[in-house]
Amino acid sequence: MNRNFFLLCIGVILCGLSLRSQEVDEEPVEGKFGNKVIYLVNNHVIANEKTLERYKEKIEDVSVLLEKPKESESYYSLSKNGILFVKLKTDLKNKTQKQLNTFFGLEEDNLILVNGCILENINYSIATQSIFSVCIIEPNSENKLKSKTLDILLYSANQGK
(Lines give C-alpha, C1' and ligand atoms only; values in the text may rest on other atoms or scores of the structure.)
Protein backbone atom coordinates (compact mmCIF):
# COMPACT_ATOMS: atom_id res chain seq x y z
CA MET A 1 0.00 0.00 0.00
CA ASN A 2 1.28 3.44 -0.86
CA ARG A 3 1.78 5.34 2.42
CA ASN A 4 1.59 8.73 0.63
CA PHE A 5 -1.78 7.81 -0.85
CA PHE A 6 -3.06 6.87 2.61
CA LEU A 7 -1.78 10.16 4.06
CA LEU A 8 -3.40 12.06 1.19
CA CYS A 9 -6.71 10.36 1.96
CA ILE A 10 -6.37 11.31 5.60
CA GLY A 11 -5.75 14.90 4.54
CA VAL A 12 -9.29 15.24 3.17
CA ILE A 13 -10.75 15.05 6.68
CA LEU A 14 -12.19 18.31 7.92
CA CYS A 15 -11.19 19.33 11.43
CA GLY A 16 -12.62 21.13 14.42
CA LEU A 17 -14.82 19.95 17.28
CA SER A 18 -15.56 21.29 20.73
CA LEU A 19 -15.49 18.92 23.69
CA ARG A 20 -19.00 17.83 24.67
CA SER A 21 -19.95 14.74 26.58
CA GLN A 22 -23.43 13.37 27.25
CA GLU A 23 -25.11 16.68 26.44
CA VAL A 24 -28.76 16.78 25.48
CA ASP A 25 -29.17 18.60 22.19
CA GLU A 26 -32.15 19.70 20.17
CA GLU A 27 -30.77 18.80 16.76
CA PRO A 28 -28.05 16.73 15.13
CA VAL A 29 -24.72 18.42 14.60
CA GLU A 30 -24.73 17.49 10.92
CA GLY A 31 -24.28 21.09 9.81
CA LYS A 32 -20.96 21.29 11.64
CA PHE A 33 -19.61 17.75 11.49
CA GLY A 34 -21.60 15.62 9.04
CA ASN A 35 -19.30 16.49 6.16
CA LYS A 36 -16.38 14.25 7.15
CA VAL A 37 -15.09 11.21 5.36
CA ILE A 38 -15.96 8.02 7.25
CA TYR A 39 -13.52 5.13 7.69
CA LEU A 40 -15.13 1.70 7.52
CA VAL A 41 -12.77 -0.95 8.92
CA ASN A 42 -13.15 -4.63 8.07
CA ASN A 43 -16.59 -3.88 6.56
CA HIS A 44 -18.37 -3.14 9.85
CA VAL A 45 -16.41 -0.90 12.27
CA ILE A 46 -16.60 2.88 11.93
CA ALA A 47 -13.33 4.53 12.93
CA ASN A 48 -11.32 7.71 12.45
CA GLU A 49 -7.92 8.51 10.99
CA LYS A 50 -6.14 8.81 14.35
CA THR A 51 -7.22 5.32 15.40
CA LEU A 52 -6.04 3.89 12.10
CA GLU A 53 -2.72 5.66 12.38
CA ARG A 54 -1.99 3.48 15.43
CA TYR A 55 -2.57 0.39 13.29
CA LYS A 56 -0.77 1.47 10.10
CA GLU A 57 1.51 -1.60 10.13
CA LYS A 58 -1.58 -3.83 10.21
CA ILE A 59 -3.29 -2.26 7.19
CA GLU A 60 -3.74 -4.80 4.40
CA ASP A 61 -5.72 -2.72 1.93
CA VAL A 62 -7.37 0.68 1.47
CA SER A 63 -9.97 1.68 -1.09
CA VAL A 64 -11.77 4.99 -1.46
CA LEU A 65 -15.27 6.01 -2.45
CA LEU A 66 -15.05 9.75 -3.15
CA GLU A 67 -18.72 10.61 -3.59
CA LYS A 68 -21.98 10.00 -1.78
CA PRO A 69 -22.72 6.25 -1.96
CA LYS A 70 -25.68 5.00 -3.98
CA GLU A 71 -28.92 4.38 -2.09
CA SER A 72 -28.67 0.67 -2.83
CA GLU A 73 -25.36 0.40 -0.92
CA SER A 74 -25.47 -0.75 2.73
CA TYR A 75 -23.21 2.17 3.65
CA TYR A 76 -25.38 4.78 1.88
CA SER A 77 -26.08 6.85 5.00
CA LEU A 78 -22.54 6.86 6.40
CA SER A 79 -21.14 9.92 4.66
CA LYS A 80 -21.96 12.61 2.17
CA ASN A 81 -18.30 13.00 1.25
CA GLY A 82 -17.04 9.51 0.65
CA ILE A 83 -15.81 6.53 2.59
CA LEU A 84 -12.38 5.01 3.10
CA PHE A 85 -12.63 1.22 3.28
CA VAL A 86 -9.76 -0.19 5.32
CA LYS A 87 -8.90 -3.83 5.79
CA LEU A 88 -6.84 -4.53 8.92
CA LYS A 89 -5.08 -7.74 9.94
CA THR A 90 -6.60 -7.26 13.40
CA ASP A 91 -9.88 -6.18 14.98
CA LEU A 92 -10.47 -2.83 16.65
CA LYS A 93 -12.13 -2.60 20.06
CA ASN A 94 -15.66 -1.50 19.30
CA LYS A 95 -19.19 -1.18 20.64
CA THR A 96 -22.33 -2.18 18.81
CA GLN A 97 -25.21 0.24 18.41
CA LYS A 98 -27.25 -1.77 20.93
CA GLN A 99 -24.43 -1.61 23.49
CA LEU A 100 -24.09 2.16 23.08
CA ASN A 101 -27.83 2.81 23.36
CA THR A 102 -28.08 0.62 26.46
CA PHE A 103 -25.07 2.28 28.11
CA PHE A 104 -26.65 5.72 27.67
CA GLY A 105 -30.03 4.55 29.00
CA LEU A 106 -31.88 4.49 25.68
CA GLU A 107 -33.87 1.72 24.03
CA GLU A 108 -31.42 -0.66 22.39
CA ASP A 109 -32.96 -0.26 18.92
CA ASN A 110 -32.96 3.58 18.87
CA LEU A 111 -31.29 5.31 15.94
CA ILE A 112 -27.66 6.36 16.21
CA LEU A 113 -25.97 9.16 14.31
CA VAL A 114 -22.25 9.34 13.61
CA ASN A 115 -21.05 12.87 12.87
CA GLY A 116 -24.67 13.74 12.13
CA CYS A 117 -25.31 10.90 9.66
CA ILE A 118 -27.90 8.23 10.50
CA LEU A 119 -26.60 4.68 10.76
CA GLU A 120 -29.23 2.76 8.86
CA ASN A 121 -27.37 -0.53 9.01
CA ILE A 122 -27.58 -2.13 12.46
CA ASN A 123 -24.51 -4.26 11.73
CA TYR A 124 -22.11 -1.30 12.01
CA SER A 125 -20.26 -0.80 15.27
CA ILE A 126 -18.03 2.07 16.38
CA ALA A 127 -14.36 1.89 17.35
CA THR A 128 -14.20 3.01 20.98
CA GLN A 129 -10.84 4.77 20.47
CA SER A 130 -12.42 6.97 17.80
CA ILE A 131 -15.24 8.43 19.92
CA PHE A 132 -14.78 12.13 20.79
CA SER A 133 -18.14 12.87 22.36
CA VAL A 134 -21.68 11.61 22.62
CA CYS A 135 -24.73 13.86 22.58
CA ILE A 136 -28.30 12.78 23.24
CA ILE A 137 -30.62 14.53 20.81
CA GLU A 138 -34.19 15.19 21.89
CA PRO A 139 -36.85 14.71 19.20
CA ASN A 140 -38.55 17.87 17.92
CA SER A 141 -40.45 19.12 14.87
CA GLU A 142 -37.26 20.27 13.13
CA ASN A 143 -35.18 17.10 13.39
CA LYS A 144 -38.20 14.78 12.92
CA LEU A 145 -36.74 12.16 15.23
CA LYS A 146 -39.22 9.83 16.92
CA SER A 147 -37.18 9.18 20.07
CA LYS A 148 -34.02 10.28 21.84
CA THR A 149 -31.05 9.60 19.59
CA LEU A 150 -27.32 9.32 20.20
CA ASP A 151 -25.10 11.51 18.03
CA ILE A 152 -21.56 10.21 18.25
CA LEU A 153 -18.78 12.53 17.14
CA LEU A 154 -15.49 11.00 16.08
CA TYR A 155 -12.11 12.55 16.82
CA SER A 156 -10.64 14.59 14.00
CA ALA A 157 -6.96 14.86 13.14
CA ASN A 158 -6.30 18.00 15.19
CA GLN A 159 -7.65 16.62 18.46
CA GLY A 160 -4.65 14.50 19.34
CA LYS A 161 -6.48 11.34 20.49
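The values are calculated or read from the model by the stated rules, or taken from the named source; none is laboratory data. Note that this is a predicted model, so its numbers are computed, not measured. Side chains are part of the model used for accessible areas, which takes the heavy atoms of the whole protein and leaves out ligands, DNA and RNA. Shrake-Rupley method; radii C 1.70, N 1.55, O 1.52, S 1.80 Å.
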* Tabulate in residue order the Karplus-calculated ³J(HN,Hα) for region 88-93, using 6.51 cos²θ - 1.76 cosθ + 1.60 with θ = phi - 60°, rounded to whole Hz; enter x for Gly and Pro. => 9, 7, 9, 9, 8, 5
* Asked: Can you give the accessible area of Thr90 in Å² (nearest 10), computed on protein heavy atoms with a 1.4 Å probe?
  -> 40 Å²
* Long-range amide H partners of Val37 with built H, under 5 Å -> Leu14
* **Of Lys95/Lys148; Lys56/Lys95; Lys87/Lys144; Lys50/Lys93; Lys50/Lys148, pairs whose Cα-Cα distance is over 24 Å** => Lys87/Lys144; Lys50/Lys148
